[in-house]
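Engineer: The structure under discussion is supplied below as structure tokens; questions concerning it will follow.
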Amino acid sequence: MMSRLLSLRDSREATARTARRSAWWQRALPRGQSLVTAIPYGWLLLFFLVPFLFVLQISFSDVEIASPPYRALLSRAEDVVSLVLNFGNYRYIFGDPLYFDAYLSSLYMAGVTTLICLVVGYPIAYTIARAPEAKRNTLLMLVMLPFWTSFLVRVYAWMGILDNEGLLNQALLSLGLIGEPLQLMHTQLSVQIVMVYAYLPFMILPLFSNLVKLDGRLLEASADLGCRPWQTFLRVTLPLSKNGVIAGSMLVFIPAVGEFVIPELVGTPESLMIGKVLWMEFFDNNNWPMAASVTIVMVALLIAPIVYLHKREEKALARAAQR
């Protein structure tokens with residue numbers, strides 16, 4: 001009888017200890033999740049939001065011949081602190097056709113680059129996703145292989161390929177396809193070629209990550225129902241890979257808008273993009289407020305469509321949930 005009472009007490013104590021541990025774990029789990037999510041939020045706050053606020057503050061300032069060459073927004077005179085906002089930089093941006101042409105050229109070049117990368121990168125990503133697992137890592141390594149070399153070195157390599165005396169012209173001349181060297185360097189075409197080359201992996205990798213998860217049984221079911229391969233692609237594969245297309249397009253379009261190195265090295269003075277305008281305002285004109293204003297407008301142009309797509313996706317998910 002005594003042994004039964006002892007065993008019953010031990011079991012009750014064990015149950016109580018288990019309940020206390022479970023309660024402690026349930027209290028600690030939200031704290032751990034908050035800590036984990038606080039790390040990326042803190043990173044974004046420290047390295048994105050704070051510098052962005054500094055740039056925003058500079059954009060409303062006036063130019064001063066000092067270091068840094070701008071005047072602070074807050075001024076104090078006779079124990080009175082006043083806030084002075086200068087909107088003249090923004091008025092000048094929207095009134096000068098130079099900035100409008102630079103924005104338009106940047107959006108056009110980035111849009112064409114994104115479209116070409118999508119057309120070229122989708123078949124590559126699809127082929128890698130449908131390849132045997134033993135070969136996928138090798139194919140992915142070949143896609144990422146250019147990142148093992150400096151970006152600047154790769155651009156200089158393309159300068160050697162596209163030059164009048166470069167490899168491409170020499171190959172065409174030796175084959176008898178042309179009678180004289182083609183003017184490939186310092187053209188819009190050369191800028192577009194090098195930009196597509198530079199940003200193509202950023203399109204392939206998100207598409208591969210999405211396509212590799214595609215259930216092959218859906219494609220078999222579509223074929224069994226009488227769909228031709230191109231119909232299966234348009235009705236099944238492409239809609240299911242929409243998230244990969246959006247992610248890849250954003251990874252290509254956003255950095256391509258502000259590209260500076262490629263247009264500077266292989267482009268022409270006429271191919272003026274917003275990255276070159278920022279360089280001139282910061283370093284040639286030493287006009288920090290104007291450069292900061294150009295940056296703020298460019299960020300707004302990039303964030304607006306992203307917010308629109310995000311809101312549209314939320315509405316689509318809400319409608320799907322209601323059904």
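Engineer: Taking the condition touching a residue at least 12 places away in the same chain (Cβ under 8 Å) and buried (at least 17 other Cβ atoms within 10 Å of the Cβ), does P206 pass?
Structural biologist: Criteria met by P206.
Engineer: Answer with yes or no whether L219 is in the same structural domain as Y126 (by TED's automatic domain parsing), surrounded by 13 or more Cβ atoms within 10 Å (Cβ to Cβ) and modelled with pLDDT of 85 or more.
Structural biologist: So L219 does not fit the description; no.
Engineer: If you scan segment 111-145, which residues turn out to be surrounded by 14 or more Cβ atoms within 10 Å (Cβ to Cβ) and farther than 20 Å from P229 by Cβ?
Structural biologist: Result: G111, V112, T113, T114, L115, I116, C117, R136, L139, L140, V143.
Engineer: I've got another one for you. Which pairs do you get when a residue that is free of Cβ contacts under 8 Å to residues at least 60 places away in the same chain and under 16 Å from M290 (Cβ atoms), found in segment 90-109, comes within reach of a residue that is β-branched (V, I, T) and surrounded by 13 or more Cβ atoms within 10 Å (Cβ to Cβ), reach meaning Cβ atoms under 9 angstrom, with the pair 6+ apart or on two chains?
Structural biologist: F94/V297; F100/I93
Engineer: Just wondering, is there one or more residues in segment 277-297 that are on the phi > 0 side of the Ramachandran plot, not in a helix (DSSP H, G or I) and not charged (D, E, K, R)?
Structural biologist: Yes, that holds for at least one residue.
Engineer: May I ask you to list the residues in segment 200-232 that are in contact with a Phe, Trp or Tyr (Cβ under 9 Å, 6 or more places away or on another chain) and of a type in the set (F, W, Y)?
Structural biologist: Listed by number, the list holds a single entry, F208.
Engineer: Being touching a strand residue (DSSP E or B) at 6+ places or on another chain (Cβ under 6 Å), surrounded by fewer than 11 Cβ atoms within 10 Å (Cβ to Cβ), modelled with pLDDT under 80 and not β-branched (V, I, T) is the requirement here; does S67 meet it?
Structural biologist: No.
Engineer: Also, I was wondering about something else. Check segment 134-145 and report whether any residue there is of a type in the set (A, V, I, L, M, F, W, C), over 30 Å from A291 (Cα atoms), at pLDDT 85 or above and in contact with a Pro (Cβ under 7 Å, 6 or more places away or on another chain).
Structural biologist: yes
Engineer: Still on this structure, I have one more. Going by the conditions given, is P97 modelled with pLDDT under 70, closer than 26 Å to G258 by Cβ and of a type outside the set (K, R)?
Structural biologist: Judged against the criteria, P97 is not a match.
Engineer: Among residues belonging to segment 254-267 that are in a loop (DSSP other than H, G, I, E, B) and touching a residue at least 24 places away in the same chain (Cβ under 8 Å), point out the one that is farthest from L301 (Cα to Cα).
Structural biologist: Once the filter is applied, the top-ranked residue is G267.
Engineer: Does segment 84-93 contain any residue that is assigned to a helix (DSSP H, G or I), hydrophobic (A, V, I, L, M, F, W, C), at pLDDT 85 or above and surrounded by 10 or more Cβ atoms within 10 Å (Cβ to Cβ)?
Structural biologist: yes
Engineer: Of the residues that make up segment 150-164, is at least one crowded, with 17+ Cβ neighbours inside 10 Å, under 27 Å from Q188 (Cβ atoms) and of a type in the set (S, T, N, Q)?
Structural biologist: no
Engineer: Any residue that is surrounded by 12 or more Cβ atoms within 10 Å (Cβ to Cβ), of a type outside the set (G, A, S) and under 18 Å from T268 (Cβ atoms) - is there at least one of those in segment 170-182?
Structural biologist: Checking segment 170-182: at least one residue is surrounded by 12 or more Cβ atoms within 10 Å (Cβ to Cβ), of a type outside the set (G, A, S) and under 18 Å from T268 (Cβ atoms).
Here's the yes/no breakdown for (1) part of a helix (DSSP H, G or I); (2) hydrophobic (A, V, I, L, M, F, W, C):
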residue: L219; (1), (2): yes, yes
residue: A223; (1), (2): yes, yes
residue: G226; (1), (2): no, no
residue: W230; (1), (2): yes, yes
residue: P239; (1), (2): yes, no
residue: G248; (1), (2): yes, no
residue: V252; (1), (2): yes, yes
residue: P269; (1), (2): no, no
residue: L272; (1), (2): no, yes
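Engineer: If you don't mind, another one. Scan segment 300-313 and tell me whether some residue there is hydroxyl-bearing (S, T, Y), outside any loop (DSSP other than H, G, I, E, B) and farther than 20 Å from D101 by Cα.
Structural biologist: yes
The values are calculated or read from the model by the stated rules, or taken from the named source; none is laboratory data. Treat the numbers as computed from the prediction; the structure is a model and nothing was measured. Positions of Cβ are backbone-derived with ideal geometry, glycine not excepted, and every protein chain shown enters the neighbour counts.
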